[in-house]
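First the structure, in the form of structure tokens, and then the observations on it.
A short reminder: the numbers here are calculations on the coordinates, not readings from a lab. The structure presented is a predicted model; accordingly, all values stated were derived computationally and were not measured. Cβ atoms come from the backbone with ideal geometry, glycine included; neighbour counts cover every protein chain shown.
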Amino acid sequence: MSFFKKDMHIPQFKTLINALGQLLPMFKKFDKENITFIALLFLLSIFFLHNIISTTKIMNNIHHINDVAFISENLRQSLKHGELHLWTPYYYSGQPLYAQPEYYFLDLNFIYLLLFGDIYIAMNLAAITYFFLSGLGMYFLFLTFKDDKKGAFIAALLYMFNGYMHSFALNGNLNVLAGYSLIPFAFMFFVKALQSKNFAPNSILSGIFIALQLFAGGTLLVPYEMALFGVYSLFYLFGKRLSKSALKLFVVGIIIFSVSFGISAVKLLPGLEFMSLSNRSSGVSYQEYLGYPIEISNMLHVVVTNLVSIGMSASIGIMGFILLIFSLYNYRKRYVMFSLALLIFSILMAMKGPVAGLLFKLPVFSQLRHIERAIFLIALAAPILAGAGFAVFSEKMKRIIKIEKDAIMLSIIVLLILIELLLMQNFPQATEITSPKEIPINGYISKDAGKFRTINLALSTLVGATGYNYLAQLGISEIKGGSGIWFNEYLQYLSIAQQAAPARLWGMLNNKYVISDKELDIPGLRFIGKFQDCKDCTIWEAYGPYLYENLEFMPRAYIVDKSILIIGSSQNAQQIAYSLILNNNFDPKKSVIIQKGSIGSDKLERYNSVILSDAVGSDEISRLRNYADNGGILLPDIFKNKDSISESDIENMLKSLNGSFEEIEIHEYENNKATYNLNNKKGFLVLSERFSNFPGWEASGKGKKEILMANVITTAIFVGNDEKITLEYKPKSFKNGAIISSITIILIMLYFAFLYINIKSRGGKNKA
């Protein structure tokens, strides 16, 4: 029984299908065989990931699921308050959220969260859907090269079940999985754009899928996607009229770039700003770039089988590899030649050699870690080759074993592929979701209604988030965090803190509770108790069982009336600031350290001491002289012919700063806004937040206020006669990106509307 009856009158249905057929060639000849294969891909997705089809379970991997849960929780709060939270106070003592390239902004997690309101259900459904989409994308991509649905189905299976998918994309990295599933669609429309005379629609669609990839946080695979497009472009130009083909390629490239950049600008521009401030701004070391390059001796594992696990793999199995070998019978076919070249290039790229070395000199690649991830291109090329070899292998085998029907031969090969690949990859394991408050140590901490942060010493590295974002779900912030992009200045602070003065430096970050997997003997920490060991909670080594209170805990907001100003380059000023906060005579409750590049318009009389870390300009000399003449402490005192600062100078200066301290009430505290009640108090408002580290924050009271770098890594604002101080996060990069994205989307919608009207009108004329 057909779903659409012949006498069923659906207005414009045939016109719509006709338009889709012209806009999206994949809708042409959408016959029973296509539907059958697509249905099988969907059923296999459900079958393979059946463990997570549950409201109480989640994929048992902590690596990226932490981040996804964290973002989803922020998104849920955003939806609740009706405002997108661009900033998060929960990780790294506060930093931009959606600006992080690896974090999703708009993806299937977002859609499913809107529908179901549960972050874990959303993640599970997103993983299943992306898994299916990866097969669907490869299916249509193969059909773009060759009209062979059986070969396309083989290629789709191998793309879904190869080693790369399971060693990386499904290893808790849902953002990578999103990119992995969307790249075949983006590449397919790129190929179609170059194949067709009317290249604009396909070029736009390719750009849309790249934008969706960026929105989903799938940026990690973008450089390899660029390499994919580049290799195909060379093959496209080869053997053609160069001037004409190059012009078309250029126009197609411009359209794809403009669309992908334009749509994703709201995500991309903040991301570029974030990267420029991070550890990636100056690139990574060559060793970090190489990561764990593949070896020739390991090639069997990489391409054929990963039954013996040795690092990352893109293996397609023995049966898949046999089909790949048979594709060489069709080596004259351009798509076979291209796929072979792509496979070889991927191997050379992922190895420690001249190709990897050459790519390292390029801007984008110089910021990458772990070049072995380039075997993604093997994961894409090998299935295409295997699909191309299916018809040849099938015909030869039918003659040998006397099988006439293609369906039987296909079934045998598919069964062999699935048995082998499922044995190789194993089914993703699921674990029961634990409620945050079910973890005893969490339950204790959550009873504290104040504003504070925790630090987890069970996590051996400075970079790392606690399991499944449980603390953030309870509204509790952390000093550490989880992201592949971080800020060296902040990690340096955490490193120095852990080695030199943990309680004091953690306390200045509003740290109140310290979680550890072993007993601690750190001055300034009070032992609270040993809780239930939660190593069996399937949340990594995230929770205790030992809990300590930091007795040098500083409030989230307070005022001090004594201050030190350090003037000079950021590096020199930072060194001096560290020497001060590590000095036993420094008390953050008595004074605050302010760092500035120059005096600027600042009033020196606000400061009890001024330290010069560099030579000052002639225009600042007179102001410094006036400051010193009026009793201000100047170090070194250049007017007394001193050019250095002694330890005794520092100690005497710190002992003289015996100021007052008062905690400040937080009137309002949201992700993008914070308001503090001051009641006309005068001094420096010190905030254990990293507002000063990032552009976009604006402070106002009775007029606009300057946001200052305080105590090496936090924030201070000079206040006087202000009832309230309000800080708002309004990054220009997000605003400008939103404008560009909106304009681009409107233009694309108008274009396709015009195209649809044009197709409809032509259809009407033809009928007439």
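Structure notes:
- Crossing angle, helix 732-767 versus the chain [Cα axis fit, 0-90 degrees, rounded to tens]: 20 degrees
- Take every Cα pair under 8 Å whose residues are at least 6 apart in sequence, average their separation, divide by the length of the chain, and the relative contact order is 13 percent.
- Remark: the Cα gyration tensor places the range 562-659 in the rounded category, a/c being less than 1.5.
- Ordering of 31-37, 258-264 by burial proxy (mean other Cβ atoms within 10 Å per residue, highest first): 258-264, 31-37
- Rounded to 10°, Cα long-axis angle of helix 200-215 versus longest principal axis of the chain: 40 degrees
- Length available on full extension from SER598 to LEU272: 0.36 nm per residue minus the Cα-Cα distance, which gives 114.6 nm.
- Spin-label pair THR36/ARG623, simplified geometry with 7 Å Cα→Cβ offset, distance in nm: 8.1 nm
- Each of TRP486, TRP87 has some number of other Cβ atoms within 10 Å of its Cβ, and from fewest to most they run TRP486, TRP87.
- Global form of the range 237-361, assessed from the alpha-carbon gyration tensor, a/c cut-off 1.5: oblate
- Ordering of 737-746, 325-334, 104-113, 710-719 by packing [mean C-beta count within 10 Å, highest first]: 710-719, 104-113, 737-746, 325-334
- Between 0 and 90°, nearest 10: helix 334-350 axis offset from the chain longest Cα axis: 30 degrees
- Under the criterion of Cα pairs below 8 Å and six or more residues apart, the relative contact order for the range 662-729 equals 40 percent.
- Volume per residue for the chain equals 207 cubic angstrom (convex hull of Cα atoms).
- Pairwise centroid distance, computed over Cα atoms, of the range 385-412 with the range 291-366, Å: 26 Å
- According to the Cα-based calculation, Rg over Rh for the range 662-729 is 0.91, with Rh computed by the Kirkwood formula.
- Other residues whose C-beta falls under 13 angstrom from the C-beta of TYR112 contribute a net charge of -1, scoring Lys and Arg +1 and Asp and Glu -1.
- Computed helical MRE - 222 nm, the chain, DSSP H runs ≥ 4 contributing -39500 (n - 2.57), nearest 500: -16000 deg cm²/dmol
- Each peptide in 90-100, 409-419 gets a packing score, the mean of other Cβ atoms within 10 Å over its residues, and the list from highest to lowest is 90-100, 409-419.
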